[in-house]
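Remarks on the structure that follows.
The values are calculated or read from the model by the stated rules, or taken from the named source; none is laboratory data. Because the structure is a prediction, the values reported are computed rather than measured. When the accessible area is computed, the model is the full protein with side chains, heavy atoms only, and any ligands, DNA or RNA have been set aside. Shrake-Rupley method; radii C 1.70, N 1.55, O 1.52, S 1.80 Å.
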Amino acid sequence: MSKLYIVPTPIGNLKDMSGRAVEVLQSVDLILAEDTRTSGKLLKHFEIGTPMMSYHMHNEHKSLNKIIERLWSGQTLALISDAGTPGISDPGFLLTRACIENGLAVECLPGPTAIIPALVISGLPNDRFVFEGFLPVKKGRQTRLAFLRNETRTMVFYESPHKLIKTLTDFKDHFGAERRISVSRELSKLYEETKRGTIGDVLDYFQEGVIKGEFVIVLAGSSSK
Ligand code: SAM
């Protein structure tokens, strides 16, 4: 029966691939992959021979109808991204919405995403939190930061290595050097590291070294103790 499966894939450690993720990817008619070369390696590792079609931010609008038609014809499809859970700062939202609007079944397997481990090991309150994804690079950046100034919940951001210092510096300006923060890099990988402290301390720490890897920033809310 037709269905779209959203399938999370490891964010660094192949052992985090679930047995069900492998089973679903083996059983579907087609895998929609953000980068077929990157995902090709993953599929090869798990001996998954299912055909792939590329589905990424540059073609997600124009390929929607074709994908919906495939589902209407009774096919089962799986969507994967380069790493983690599709739809979380990755393509997936448009297709999920289109399936729902067309009365088609969608299922998301639980699995790897960088948000949760970074939040949980931050030591910051996690009973309530907001996911902010990537901050706007230019337009809207200052407005977004100003909007978040009085946010009381813990905030989670994604960041690339070359923008980390700029973002921590902006945080210092907007939230103050004493606000608590936790920065995790290379989660589940060999050089996994988490630096916790005040924004001022963590900024000093990263300014002293070479900045490499993928980062999640977890920032305390304004009323956090
Ligand atoms: N869909 C993914 C997820 O569920 O986490 C996120 C994809 S987004 C394009 C990539 C960003 O996720 C990176 O820039 C980084 O902020 C974060 N990320 C992904 N893998 C990570 C890892 N192993 N360690 C730390 N951050 C990671």
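Over its Cα atoms, what ratio of radius of gyration to 2.2 N^0.38 Å does segment 125-205 give? Provide the component values of the computation, followed by the final result.
On the way: Rg = 12.6 Å, N = 81, 2.2 N^0.38 = 11.7 Å.
That ratio works out to 1.08.
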Measure off, as a whole percent, the carbon and sulfur share of the 1.4 Å-probe accessible area of the chain, all protein chains present. 52
How large is the helix-only mean residue ellipticity at 222 nm for the chain, computed as the sum of -39500 (n - 2.57) over DSSP H runs with n ≥ 4, divided by its residue count, in deg cm²/dmol to the nearest 500? -9500 deg cm²/dmol
Full extension between VAL137 and SER18 adds, at 0.36 nm per residue less the Cα distance, a length in nm of 39.4 nm
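Please list the three semi-axes, largest first and in whole Å, of the ellipsoid equivalent to segment 3-108, using sqrt of 5 times the eigenvalues of its alpha carbon gyration tensor. Working shown, then result.
Numbers: eigenvalues 88, 41, 31 Å².
Semi-axes from the Cα gyration tensor: 21, 14, 12 Å.
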For the chain, report the accessible area per residue in Å² (1.4 Å probe, heavy atoms, rounded to an integer). 53
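Ignoring ligands, DNA and RNA, how do GLU208, GLU132 rank by accessible area with a 1.4 Å probe, largest first? Working shown, then result.
Details: GLU208 155, GLU132 40 Å².
Highest to lowest solvent-accessible surface, that is GLU208, GLU132.
Can you give the percent of C-alpha pairs in the chain whose distance is more than 32 Å?
Working: 7051 of 25200 pairs.
Cα-Cα pairs in the chain separated by more than 32 Å: 28 percent.
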Reported to the nearest 10 Å², HIS45 has, with a 1.4 Å probe, an accessible area equal to 110
